[in-house]
Amino acid sequence: MDNFYNIISRNVNGDDVEFEIELNKFHDIFKGHFPEEPITPGVCVVKIALELASIAFCKKFQIKSAKNIKFLNIISPLENPVVCFRIHRESANNDSSMLTIVVFHDDMVFVKIKMEVC
């Protein structure tokens, strides 16, 4: 994910954190996915969500289980280079945390994720 995105802003409110990021439309991932009409691979969206959650809660997370992942709209680095990740930590204990993540821009929701991390 090196140089795949840059964090523009972060807003923290307890167990809710919102990041605004900008995708690097020139990154090699987009050259292969897809050369003429690049879209952000779903696995990259999940990886970004995991990295941002790790930053937000100051803990290196790993996915324990993905309860639900809904890809609702395509994230094009040409049409939507800036997107927001809203991360809500529903519960946390010593072993794991349950996260709900929504990826969006303005009124458009791209992805909804519910996952358990440890």
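Here are a few things to note about the model shown:
- Length gained on full extension, residue 72 to residue 105: 10.6 nm, using 0.36 nm per residue less the C-alpha separation.
- Correct option for Cα Rg over 2.2 N^0.38 Å [calculated from the coordinates] among (1) 1.15; (2) 1.03; (3) 1.41: (2)
- Qualifying GluC sites (Glu not before Pro) in the range 30-92, DSSP loop, other Cβ atoms within 10 Å at most 14: 36, 79
- Exposure rule at most 13 other beta-carbon atoms within 10 Å, DSSP loop trypsin sites (Lys or Arg not before Pro): the chain longest free segment: 61-118
- Per-residue Cβ neighbour rank within 10 angstrom, fewest leading, 106, 16, 2: 2, 106, 16
- Taking amide H atoms as placed 1.01 Å from N in the peptide plane, the amide H of residue 64 lies under 5 Å from those of 116, 117, 118, each 5 or more residues away in sequence or on another chain.
- C-alpha long axis of helix 42-56 to longest principal axis of the chain, angle in °: 50 degrees
- Over the chain: helical MRE at 222 nm, DSSP H runs n ≥ 4 each giving -39500 (n - 2.57), nearest 500: -5000 deg cm²/dmol
- Of all the options 65, 76, 97, the one that moves most in a Gaussian network model of the chain with Cα springs shorter than 10 angstrom is 65.
Only the coordinates and a few stated rules stand behind these numbers; no lab work does. Predicted model, so just to flag it, every value in this text is computed and none were measured. Positions of Cβ are backbone-derived with ideal geometry, glycine not excepted, and every protein chain shown enters the neighbour counts.
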